[in-house]
Amino acid sequence: MADRVTVIGWDGSPLTATARGALGAATLVAGAAHHLDLPEVPPRAERIRLGSVALAARRITGHRGTAVVLADGDPGFFGVVRTLRAPEFGLEVEVVPAVSSVAAAFARAGMPWDDAQVVVAHRRTLRRAVNVCRAHTKVAVLTSPGAGPAELGLLLEGVHRTFVICEELGTEREQVHVVTSDKAADHAWRDPNVVIVIGGTSGPVTAPEGGGWIAGRDPATGPRGWVQPDAEYGDGAPLGEGETDLLRAAQLARLGPRTGDLVWDIGCGSGAFATEAARAGAAVIAVDRDLAACVRSETAARKFGVQLQIVHGAAPHVLENLPEPDVVRVGGGGAAVVTAVADRRPQRIVTHAATRDAAELVGRDLTEHGYQVECALLQSVELDTRAWTETERNVAFLLSGVLPERAP
């Protein structure tokens, strides 16, 4: 095992005395090509081109001498330190930090970033990174080959965002570009780059004077509770039978929408469920054939300061060109829409039925598609607490399906 392992962050600035001293004593240096070309790298040191960090860690583990790993930005922020410290390698490291590429990107843009979401986009995480960009108004994306600005723009089709693209930060070739998301695929971008994704509808929630108290999305914004009273939605009009607050709470509990998910809400009605799924951090596409319902949903989203992509059209045909969902609520359309949704293989589906026969039809269809199905008869009774008399009663069959092959 190496006698000493030092990880040096590099942001393009001259190396500190500590970093120069560690490099000067190194018998093994790992880093990208532009790191290995630095004049401070000892000419006799063994050099490892850093591709797979795990492979480099194994080489360092077997090295007798002093090792240095060079990394762009702050190596402790989505960087190599996590891999090097993994139990299978047993490496103890000293870290010389630098300005993270995210901090540098926001500095170039002249924007604060304590209220930004930060995600890493690889080929396997690109879709979830895009969903965060759908759901939030300020996101920094650390990209990778094959998961860069062009791919982000293509997957954000139908959602307008502005991209601030920072290429090769800290180098002589550094450039900053501002483009709209629909134009990002028209260019070839140099790696590495950081993309700041901004835009979306603004809501009433604003940071308090002097800034917030927690980085990223403040979980305390807006009223408490998974669901809000029915009176908060629909502009005073009664909500549909599938939108009552207790049924919405059960639907949310079965689906469990979370950050990085894409939720379809088909038959969004007043926008109550779509808004509450978005408040949980998920990206949401709300679909309805009724234009007035789309308008109500947009109003609800603005009221609670969340992002919804609203699609006006009739299911199941309108669903064909939508991006792949993680979880789906079917609020209207019956068995035909449930079938179309099940064909897309989301992790979870939830819907409701007014009668047992309708519930059995939907349940059999979900089972035939390979879903594990649960059904519960929900009855809610509203009472006037002054006289403890019944004022309203709602009964519905709640059906949910979980796809075992995709269940987390």
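The values are calculated or read from the model by the stated rules, or taken from the named source; none is laboratory data. Predicted model, so just to flag it, every value in this text is computed and none were measured. Quick reminder, even Gly has a Cβ in these numbers, built from the backbone with ideal geometry, and neighbours come from all protein chains shown. Remember, those area values only see protein heavy atoms, side chains included, never the ligands or the DNA or RNA. Shrake-Rupley method; radii C 1.70, N 1.55, O 1.52, S 1.80 Å.
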* Structure fact -> Cβ pairs under 6 Å, 6+ apart or interchain, first in region 105-131 and open to solvent by 20 Å² or more (accessible area, probe 1.4 Å), second part of a loop (DSSP other than H, G, I, E, B), ordered by first then second residue, are Asp114/Ala215; Gln117/His136; Gln117/Gly216; Val120/Phe78; Arg123/Gly146; Arg128/Gly260
* Asked: Do we have any residue at all in region 237-257 that's surrounded by 13 or more Cβ atoms within 10 Å (Cβ to Cβ), at pLDDT 85 or above, of a type in the set (S, T, N, Q) and not in a loop (DSSP other than H, G, I, E, B)?
  -> yes
* Can you tell me which residue within region 236-274, out of those that are charged (D, E, K, R) and touching a Ser or Thr at 6+ places or on another chain (Cβ under 7 Å), is nearest to Ala300 (Cα to Cα)? => Glu243
* Structure fact -> Turns out the strands (runs of 3 or more DSSP E) fully within region 309-371 with at least 1 residues that are more than 27 Å from the chain's Cα centre (by Cα) are 348-353
* All positions within region 127-163 that are part of a helix (DSSP H, G or I), under 24 Å from Asp114 (Cβ atoms) and within 10 Å of the chain's Cα centre (by Cα) -> Arg128, Ala129, Val130, Asn131, Val132, Cys133, Arg134, Ala135
* To do: Within region 353-408, work out how many residues are under 19 Å from Gly333 (Cβ atoms), in contact (Cβ under 8 Å) with a residue 40 or more places away in the chain, open to solvent by 40 Å² or more (accessible area, probe 1.4 Å) and of a type in the set (A, V, I, L, M).
  => 1
* Please indicate, with yes or no, whether at least one residue in region 44-57 is in contact (Cβ under 8 Å) with a residue 24 or more places away in the chain, at negative phi and of a type in the set (Ser, Thr, Tyr). => no
* To do: State yes or no: is Leu70 touching a residue at least 40 places away in the same chain (Cβ under 8 Å) and in a strand (DSSP E or B)?
  => yes
